[in-house]
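Below is one structure, written out as structure tokens; comments come after it.
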Ligand code: G4P
């Protein structure tokens, strides 16, 4: 198959949601359609349980399994679909943000009872920033939820995106009778219970909604209501312009019930029809198109080996252009070093298997003994770095305290590797040479402590410190930057790449410094590094 045909075959996306909206259930149903799993429950058991906060063994177990479920590839209707898993727990939000850099589109799951929840808003912000096309799946229609019109308003208001319903529910909860599909003028009837297969008999083509058959099927009241709804919605929205979806201006909306496998096939069939194929990606030099002959890709996630006796890690590489080949030398641009991989893995049907080739849109697992950092770019020799894989300014800060001086070396090595994996960020204060760990969630500190102990034999503790934000600072005026760094020495630190960081104690202090030093730029992500 030609490179172009391989690219056109692929759809790489992530499912995002607030925890409990139904992401895992939906993923599982999609995999069932693709024949990637045979039984329900196979994905579910991999989920980081809510109890994870106190159960470290569980985290470890999950971490191991989640390597396999980080990417789930399956074939459906001659398309190759790559689902990139995103952790539901908010403390791992940064991991999710980074995974979103490796996808071409997103399916957003919303619980119809709860509506748009906080974490969904944050995730959507990232999608908007990156102009990632989104399809919304309103889930749990078998429960009495918010009015569908109100839900659409809420999505538009809170997520700041225009919606376009492609299906419409007939009632909810115990009265839920099914959905009307605008795009092929048919009714899909809800039979209740777990619908394992979608039978033809459940789908009914209704070319003319005035037909009396509607009364026979859903009853007089619901038939009347549906006619009204359909007329209103068609009047307001018209037909979906696929380009508007691909430009991330409009989000198509489906209604369904993942646990009942209802509305999932419609979602999948529409997804493969409209979702974008692997897209070009910006680099420090130019945009790189997937069709370019030469291979390039970037690392968006690094996963430590669960077995502490083996230090190797798996780096997840998104192929962006050309063909990736096994046992071929590629250049790690940051290290200016040639690397080749004898056992690259793919994640077909949840099993890891060695592959010889991979194409744009694919995710390849590369065994790594500690060379990679998140954001690393591999090319056939060209000098550029993929953009848009920043470190985010952490929200919680603690000072790292070494509890066993005999194991100092292990501690520093461990913390360095964990920060390279993206578990947390490490800053070293200029004046006092203290190590400050910044994370986006409390849970990370537990994970770090546990892993340092079990994987590196080091012992540490964390001392709370008051910090509002760590901001990377730059200036075109080098002298001014030097002066600022000197004057504020007590608040200055460097990150793991020796970039200068200002540790703001409060919002007020940050604003004051911004006012006092107009020539200094304060960045809340490390993205400025790759800005050309
Ligand atoms: P998440 O990955 O987004 O966190 O959500 P997950 O799929 O785990 O779903 C959260 C809960 O919602 C699960 O129930 C799941 O069964 C339920 N659920 C998913 N889709 C639907 C739906 O369409 N209708 C209804 N009524 N429930 C749905 P749980 O009690 O937490 O787990 P379980 O015991 O059912 O496995």
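The values are calculated or read from the model by the stated rules, or taken from the named source; none is laboratory data. These numbers come from a predicted model, not from an experiment. Reconstructed Cβ throughout: ideal geometry from the backbone, glycine too, with neighbour counts over all protein chains shown.
Filtering 312, 249 for residues that are surrounded by fewer than 17 Cβ atoms within 10 Å (Cβ to Cβ) and over 30 Å from residue 110 (Cα atoms) leaves a single hit, 312. Region 233-348 holds strands (runs of 3 or more DSSP E) entirely within its bounds, and those carrying 2 or more residues that are touching a helix residue (DSSP H, G or I) at 6+ places or on another chain (Cβ under 7 Å) and either at pLDDT 95 or above or more than 16 Å from the ligand (Cβ to nearest atom) (or both) map to 250-255, 296-304, 313-321. Within the span defined as region 67-84, every residue fails to be within 14 Å of the ligand (Cβ to nearest atom), under 12 Å from the mean Cα position of the chain (by Cα) and modelled with pLDDT under 90. Applying the criterion of being assigned to a helix (DSSP H, G or I) and more than 19 Å from the chain's Cα centre (by Cα) to the residues of region 156-165, the residue that is surrounded by the fewest Cβ atoms within 10 Å (Cβ to Cβ) is 157.
Considering region 1-38, and only residues there that are assigned to a loop (DSSP other than H, G, I, E, B), closer than 19 Å to residue 260 by Cβ and within 9 Å of the ligand (Cβ to nearest atom), the residue that is modelled with the lowest pLDDT turns out to be 20. Taking (1) in a helix (DSSP H, G or I); (2) at pLDDT below 90 in turn, residue 413 satisfies each apart from (2).
Selection of region 111-147 for residues being within 16 Å of the ligand (Cβ to nearest atom), assigned to a helix (DSSP H, G or I) and surrounded by fewer than 20 Cβ atoms within 10 Å (Cβ to Cβ) yields 118, 119, 121, 122. A single entry from 88, 41 fulfils the requirement of being assigned to a loop (DSSP other than H, G, I, E, B), in the same structural domain as residue 8 (by TED's automatic domain parsing) and either at pLDDT 80 or above or in contact with a strand residue (DSSP E or B) (Cβ under 9 Å, 6 or more places away or on another chain) (or both): 88.
Within region 469-480, one or more residues are free of Cβ contacts under 8 Å to residues at least 40 places away in the same chain and assigned to a helix (DSSP H, G or I). The set of residues from region 500-518 being under 11 Å from residue 468 (Cβ atoms) and in a helix (DSSP H, G or I) comprises 507, 508, 509, 510, 511.
Is at least one residue of region 95-103 more than 11 Å from the chain's Cα centre (by Cα) and either surrounded by 23 or more Cβ atoms within 10 Å (Cβ to Cβ) or within 15 Å of the ligand (Cβ to nearest atom) (or both)? The answer is no; no qualifying residue exists. Just a yes or no: is a residue in region 403-420 surrounded by fewer than 17 Cβ atoms within 10 Å (Cβ to Cβ), touching a strand residue (DSSP E or B) at 6+ places or on another chain (Cβ under 6 Å) and closer than 29 Å to residue 325 by Cα? Within region 403-420 (the criterion being surrounded by fewer than 17 Cβ atoms within 10 Å (Cβ to Cβ), touching a strand residue (DSSP E or B) at 6+ places or on another chain (Cβ under 6 Å) and closer than 29 Å to residue 325 by Cα), the answer is no, since none of the residues qualifies. For region 440-464, the set of residues classified as at pLDDT below 90 and outside any helix (DSSP H, G or I) consists of 440, 441, 442, listed by residue number. With respect to (1) away from the ligand (no atom under 15 Å from the Cβ); (2) part of a helix (DSSP H, G or I), the lone exception for residue 180 is condition (2).
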